[in-house]
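Data block below; observations after.
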Amino acid sequence: MGFKLVEKTRGIWSKKTHSNLLYYLPIVIMGGLMTSHIVGAFVCQLLFDVSFFSSTKEVFDPENENLIDAMKVMQFFNALGTFILPSFVFLHLRGVVNSAKYLNWQSPISFPSLFLMLLMALAMIPVANFLGFLNQGIYLPEFLDFLRVIEEQTLRVTEQFLIMDTYGDLILMILLIGVVAALGEELLFRGVLQNLFMEWWGSKHLAVWVTALLFSVIHLQYHALLPRFVLGALIGYVYVNSGNLRSSIFLHFFYNTTLLIVAFLVQHREIDSSWEFIGVEQFVLVAFATVVLALFLFKSPRVKTK
């Protein structure tokens, strides 16, 4: 029965216009988010006695250790339901038979290309921190002040979420934020949305920047709007220039993982806390990193694959 339903639904949106597809995509995402949230909430209720169906302050107390563990489980379910599954469901409904080919995900990445992605990720960190510093000076209209409130509440819990007491905690966070988040977000934003915009408008530049804007806004973090916008565009151009979604996934993975490793070392006092803000006051370093990123992007138009 299930296989018949899958076959019957394949390609039902194949003749829809791009504007209609852009309307349907959020519906698919919301369906995946709601489903994953319900499943994840039941799992967290059983494992940690934490109810994500409640909005009471007692439940969402950032000092509640069970809450933090439950949030990590919900992070996995939400990434799966918001980014990964909707991407493949959307492509299925569009009638895409070979998702790997459509996403440009067939060719493996060579070691030199992986090393290039790592260098780019390292160069992105001071640039992102500097842009975050500039972001603080951007005026937020009063009608958007709710974003600041949401962000303040989220940051309090996130601080507890990112506490890593052991190497096991670090590995878990790398799996959640380095692997799952990077894979899911690149599938949806670069693999689905950016490709959809390129098909629609025929302009890779417009597709990259509009996707980067959506990538920045959807995180609902006011203090990171500018850095996420610029870095989202950078990752988008890496995808376009390399012709391989694996390149953008690895770049995203290296960036997230490096930040986690730095946070872990700071928490264990292996390095000074100033490393988390590198680039905020080092303008020469930011300029150098920007030049490095520009050279990698424009002097190496295509990342080589095996």
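Brief remarks follow.
Per-residue answers, yes or no, for (1) in contact (Cβ under 8 Å) with a residue 12 or more places away in the chain; (2) surrounded by 11 or more Cβ atoms within 10 Å (Cβ to Cβ); (3) closer than 26 Å to residue 201 by Cβ:
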| site | (1), (2), (3) |
| --- | --- |
| 4 | no, no, no |
| 12 | yes, yes, yes |
| 17 | no, no, yes |
| 25 | yes, yes, yes |
| 28 | yes, yes, yes |
| 35 | yes, yes, no |
| 42 | no, yes, no |
| 46 | no, no, no |
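- Residue in region 239-250 that is of a type in the set (S, T, N, Q), without any contact (Cβ under 8 Å) to a residue 60 or more places away in the chain and touching a helix residue (DSSP H, G or I) at 6+ places or on another chain (Cβ under 6 Å) present: no
- Being buried (at least 20 other Cβ atoms within 10 Å of the Cβ) and not assigned by TED's automatic domain parsing to the domain that holds residue 86 is a property that residue 229 lacks.
- Scanning region 156-180 for residues that are closer than 24 Å to residue 81 by Cα, of a type in the set (S, T, N, Q) and either without any contact (Cβ under 8 Å) to a residue 60 or more places away in the chain or not in a helix (DSSP H, G or I) (or both) gives a single hit, 158.
- The sole residue among 199, 185 that is surrounded by fewer than 20 Cβ atoms within 10 Å (Cβ to Cβ) and among the acidic types (Asp, Glu) is 199.
- Residue check for residue 251: crowded, with 17+ Cβ neighbours inside 10 Å and assigned by TED's automatic domain parsing to the domain that holds residue 174: yes
- Residue in region 111-128 that is assigned to a loop (DSSP other than H, G, I, E, B), over 21 Å from the mean Cα position of the chain (by Cα) and at pLDDT below 90 present: no
The values are calculated or read from the model by the stated rules, or taken from the named source; none is laboratory data. Because the structure is a prediction, the values reported are computed rather than measured. Glycine also receives a Cβ, built like all others from the backbone with ideal geometry; neighbour counts cover every protein chain displayed.
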